[in-house]
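Computed from the coordinates by the stated procedures, all read-outs in this text should not be read as laboratory data. Being a predicted model, the structure only gives us computed values, none of them experimental. Every residue, glycine as well, gets a Cβ built from its backbone with ideal geometry; the counts of neighbours run over all protein chains shown.
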Amino acid sequence: MQGTVQGFHYGLVTPVAAYVMACLGGALGLRCITRSLHNEASWKGGWLALGAAAIGCGIWTMHFIAMVGFQVEEVRIGYDVPLTVLSLAVAIVVVGIGVFIVGYRGARPATLATAGVVTGLGVAAMHYIGMAAIRLDGDIRYDAATVAVSVVIAIVAATAALWASVSVHGFLPSLGASLVMGIAVSGMHYTGMAAMSVHLHATSGASWDGDSPTSLLLPMLIGPVVFLLLAGVVVMFDPLLVLGDGDWSRGPAAGDAPAGTPGSFFEPGARRSEQQPVPPRDGGR
């Protein structure tokens, strides 16, 4: 018996909320990666790790917010907690591998392609591990061609995100890149959902006895969402992260005053050049 799959049980609420979280994770991750690449004196590994965690949490949160709206009308569904947590770990670790490859080896085409493929496959793995966590009285099957399309979308999205992290430096361009990244990640998710079908067991009538998807997923989403909010606070209070290649993150250009001399924005002497010189007493004697 074919189950009736519904992916938008709450209308536009879940896809819009999922898209917002994907954009938030992407925006924070891109700013952190930019911070590490264009400010070599900073703790590079830490910024790359924070960026990878932000992107991974954003993608995972997007997936499971979207899954809150997923239902099979004939049966009740539930989720396997260890597999759900594993999907989060896969998202962060594999995105981290791609981010560190680009962060330390640069954005040469071969490097970017390798990192994009690794990260994209990790995003796809996160999605399908999350889908494997579904428990219901039936079998989930996938259309191979549509699955392949979803994997290609994940690879393209990951490659574009990594390219943007090393090529798009300003705050507003990075914001635009994160919006595009959110569309790509959401597109990958819903393409993967379109590939699935549910075949109920002939004796169906029983249903999953575990917690409802909402009661299980919403508490699990609290941790990643709180992390993204805290990462957002880090970004807000670090002007180098916010402004990217603005005046605060650029190194001194040719002819600029070196740091620590009058005219340097962050030094106590920054305003001295604006002060009028004090005339010497006694006619200069």
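Things worth noting here:
- Residue 80 long-range amide H proximity, modeled H, under 5 Å: 134, 135
- Net length gained if the chain between residue 105 and residue 233 were fully extended (0.36 nm per residue, minus Cα distance): 43.2 nm
- Reported to the nearest whole Å, the Cα centre-to-centre distance from the stretch 135-172 to the stretch 54-112 is 10.
- For the stretch 116-127, putting each phi into the Karplus relation 6.51 cos²θ - 1.76 cosθ + 1.60 with θ = phi - 60° gives couplings of x, 5, 4, 5, x, 5, x, 4, 5, 4, 4, 4 Hz, in residue order, rounded to whole numbers and with x for Gly and Pro.
- Cα-based shape type of the stretch 31-142, given that a ≥ b ≥ c are square roots of the gyration tensor eigenvalues and the cut on a/c is 1.5: prolate
- In this rough spin-label picture, where each label sits 7 Å from Cα along the Cβ direction, the residue 89-residue 144 distance is 3.1 nm.
- Computed from phi, the 3J(HN,Hα) profile of the stretch 177-187 under the Karplus parametrisation 6.51, -1.76, 1.60 (θ = phi - 60°) reads 5, 5, 5, 5, 4, x, 5, 5, 5, 5, x Hz, with x in place of Gly and Pro.
- As a rough guide to protection, the peptides 14-20, 122-128 ranked by mean Cβ packing within 10 Å, highest first, stand as 122-128, 14-20.
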